[in-house]
Amino acid sequence: METKVNANLNGVPETMLLTLYARAKYSKKESDFFYDRKSVEIAERLNYDFSAADSDVALNYLTLSRTVLIDKMVKDFIVSNPEATIINIACGLDTRFFRVDNGKINWFDIDLAESINVRKNFFDNSLRHRMIAASAMDEAWARAIGVPHGNVLVIIEGLSMYLNDISIRKIFGIINRNFANAEVFMEIMPKKHVTKNRYKSVATANANFSWGVDSGEQLDLAGFDWLGDFSVNTVLSKMGFAYKLKCLLPYAYKNSEKIAVFKSNIIQNYEIVSSCASGV
């Protein structure tokens, strides 16, 4: 019998256990959209009271819908960029690499040291799948990656709602300075959900939402163009009749979590390089 792993986390880092459980619970009961064997194994080995996560229907559905949506978006990116470098910021106990790996991509999981220390109980570094302990706002993670192999995709899932405008811009600044022509998938929470937390297990973990935006179009991020938003409602509407009806309501799109897509502004990056070269 394997020894149980203690996860003594609190606040935002603890929320990674909640979303892990949502994927594991779904995978054990049904798997119409995905089956996550690794999350099932991890949840069974953790010494943690998952009762709050088990009863949080809203967070469970959000986790499932964004998992399905981002998986598809990442797979589509990999089809066009089969040897890409993919950077997963605030990875927690995310298992997406195992669901999308094509045998060629290079994948980096980034998170705080306390989260990576828990993660190391279940994952090993390999040639194409590595962990880096660093804050998303610390340029150290970009330096550790170095020159990327192929085009770059950065995933920022389940993080932005705990930050602020300054921190968001700092992360995008790090990406812009270190990775040319990068694409970014960032989950954004509508403003309404920031002020009215409907995810009970998140509150139980003493994590507080602090930032939200209704569309990525509202963000002016130096060096990046906004390409569009993808609502989790596109997946939720397929998860039951009640959700299908709810997603048809006029305000549903505005007040839904979305994955905002940004692309490095090539012209702006070129101007920065040219200015530095000319000594301006």
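Only strands (runs of 3 or more DSSP E) whose full extent lies in the range 96-169 are considered here, and the ones with at least 2 residues that are touching a helix residue (DSSP H, G or I) at 6+ places or on another chain (Cβ under 6 Å), surrounded by 19 or more Cβ atoms within 10 Å (Cβ to Cβ) and touching a residue at least 40 places away in the same chain (Cβ under 8 Å) are 152-156. When Ser65 is tested against (1) over 28 Å from Ala113 (Cβ atoms); (2) open to solvent by 10 Å² or more (accessible area, probe 1.4 Å), exactly one condition is not met: (2). For beta carbons closer than 9 Å, sequence separation of 6+ or different chains, a first residue in the range 200-223 that is open to solvent by 20 Å² or more (accessible area, probe 1.4 Å) and among the aromatic types (Phe, Trp, Tyr) and a second that is modelled with pLDDT of 95 or more and not in a helix (DSSP H, G or I), the qualifying pairs are Phe209/Met189; Trp211/Leu163; Trp211/Asn164; Trp211/Ile188; Trp211/Met189. The number of residues in the range 189-214 that are farther than 19 Å from Glu157 by Cβ, part of a loop (DSSP other than H, G, I, E, B) and not polar (S, T, N, Q) comes to 1. Helices (runs of 4 or more DSSP H) fully within the range 1-82 that include at least 2 residues being under 19 Å from the mean Cα position of the chain (by Cα): 15-29, 37-45, 57-80.
Just for the range 83-95: of the residues that are closer than 24 Å to Ala180 by Cβ and either part of a helix (DSSP H, G or I) or not hydrophobic (A, V, I, L, M, F, W, C) (or both), which one is farthest from the chain's Cα centre (by Cα)? Explain how you work it out, then say what you get.
Going through the range 83-95, the residues closer than 24 Å to Ala180 by Cβ turn out to be 83-91.
Applying the additional criterion that residues be either part of a helix (DSSP H, G or I) or not hydrophobic (A, V, I, L, M, F, W, C) (or both) yields 83, 85, 88.
Numbers: Glu83: 20, Thr85: 15, Asn88: 7 Å.
Filtering first and then ranking leaves Glu83.
So for the range 28-44 (the condition being buried (at least 22 other Cβ atoms within 10 Å of the Cβ) and aliphatic (A, V, I, L, M)), does at least one residue qualify? Let's see the steps before the verdict.
Pass one, the range 28-44, residues buried (at least 22 other Cβ atoms within 10 Å of the Cβ): 36, 39, 42-43.
Filter once more, so that each one left must be aliphatic (A, V, I, L, M): 42-43.
Yes, because at least one residue in the range 28-44 is buried (at least 22 other Cβ atoms within 10 Å of the Cβ) and aliphatic (A, V, I, L, M).
The values are calculated or read from the model by the stated rules, or taken from the named source; none is laboratory data. Since we're looking at a predicted model, the values are computed, not measured. All Cβ positions, even for glycine, are placed from backbone atoms using ideal geometry, and neighbour counts span all protein chains on display. With ligands, DNA and RNA removed, areas are computed over all heavy atoms of the protein, side chains included. Shrake-Rupley method; radii C 1.70, N 1.55, O 1.52, S 1.80 Å.
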